[in-house]
1. What fraction of the Cα pairs in region 48-163, stated in percent, has a spacing above 24 angstrom?
2. Just how large is the dipole of the chain about the Cα centre, in debye to the nearest 20, putting +1 at every Lys and Arg Cβ and -1 at every Asp and Glu Cβ?
3. What are the ³J(HN,Hα) values, in whole Hz, obtained from phi via the Karplus relation 6.51 cos²θ - 1.76 cosθ + 1.60 with θ = phi - 60°, for each residue of region 22-35 in sequence order, with x given for Gly and Pro?
4. Would you calculate, for the chain, the mean residue ellipticity at 222 nm contributed by helices, counting each DSSP H stretch of 4 or more residues as -39,500 (n - 2.57) and dividing by all residues, to the nearest 500?
5. Over the chain, what is the mean sequence separation of C-alpha contacts under 8 Å (at least six apart), divided by residue count, expressed as relative contact order in percent?
6. What are the ³J(HN,Hα) values, in whole Hz, obtained from phi via the Karplus relation 6.51 cos²θ - 1.76 cosθ + 1.60 with θ = phi - 60°, for each residue of region 38-50 in sequence order, with x given for Gly and Pro?
7. Mind checking region 95-202 for GluC sites (Glu not before Pro) that DSSP puts in a loop (not H, G, I, E or B) and that have at most 14 other Cβ atoms within 10 Å?
8. Net charge around R93, counting only other residues with Cβ within less than 14 Å of its Cβ (Lys, Arg = +1; Asp, Glu = -1)?
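A short reminder: the numbers here are calculations on the coordinates, not readings from a lab. Quick caveat: nothing in here was measured; it's all calculated off a predicted structure. Neighbour counts are summed over all protein chains in view; Cβ atoms, including those assigned to glycine, are modelled from backbone coordinates with ideal geometry.
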Amino acid sequence: MKLYITPGSPYARMARILILEKGLENRVEIIAARTRAADSPYYRINPSGRVPYLVGDDGIGLEESALICDRLDRLDGRPILDTPKGELAWQARRLEALARSLLDGLAVWSREILRPAGEQSPTVIQHELNRSRRMTGLWESEIAHPVMRGSLNMPQLTLACALGLEARIPDFRWRPEHPRLRGWFDSISARPSFLATAPPAA
């Protein structure tokens, strides 16, 4: 199998972490894709140009990080990211959606500040800054939820990759006002899989 990524993508990082957590390094080849270039050969592999993109042994490609993680998680028949049962099932989906909302906003912010200075939108940057403040404030209380305290799951994986974007967004300073969230993130980001996939600084 082939997993196409870019080193700074938090979405690709989710799949890269899972590969390490599951010990799939010998089954999945990780390939750096060249994106946002008009003549990139990657577009012949994945016309959308997005990452991550997983191409299976059957040649079928999968896009979207949650779907890719689910596929990788089930390769050995022993998934570790299954949604909890009963009452916790919808809570896990709710928390994953909240984490994805934070991640998506931060991804927009991260891409915006990579543009040339004259092409950046102060309105977009301020909007995502404000959103990040609201969302990290919400997560300061939500981080105590049992779903965020058990074995590694998609809500945890998504949130951790979102918060890790502090390495790429200098003004994303969420730590001082959120001690519980900071403690949780420092703990999960100390896992070898998270250390090995840390995003490069902007």
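1. Values: 2636 of 6670 pairs.
Tail of P(r) above 24 Å: 40 percent of Cα pairs.
2. So the magnitude is around 220 debye.
3. 8, x, 9, 4, 7, 9, 10, 8, 9, 10, 6, 9, 9, 10
4. Values: 7 runs with 96 residues, N = 202.
Theoretical 222 nm ellipticity from helices: -15500 deg cm²/dmol.
5. On the way: 240 pairs, mean separation 47.3, N = 202.
For the chain, the relative contact order is 23 percent.
6. Each residue's phi maps through the Karplus curve to give 4, 9, 5, x, 4, 5, 6, 8, 10, x, 6, x, 7 Hz.
7. Details: sites: E96, E112, E119, E128, E140, E142, E166, E177; in loops: E177.
Those satisfying the criteria are E177.
8. On the way: positive: K85, R94, R100; negative: D70, D82, E87, E96, E142.
Local charge sum for R93: -2.
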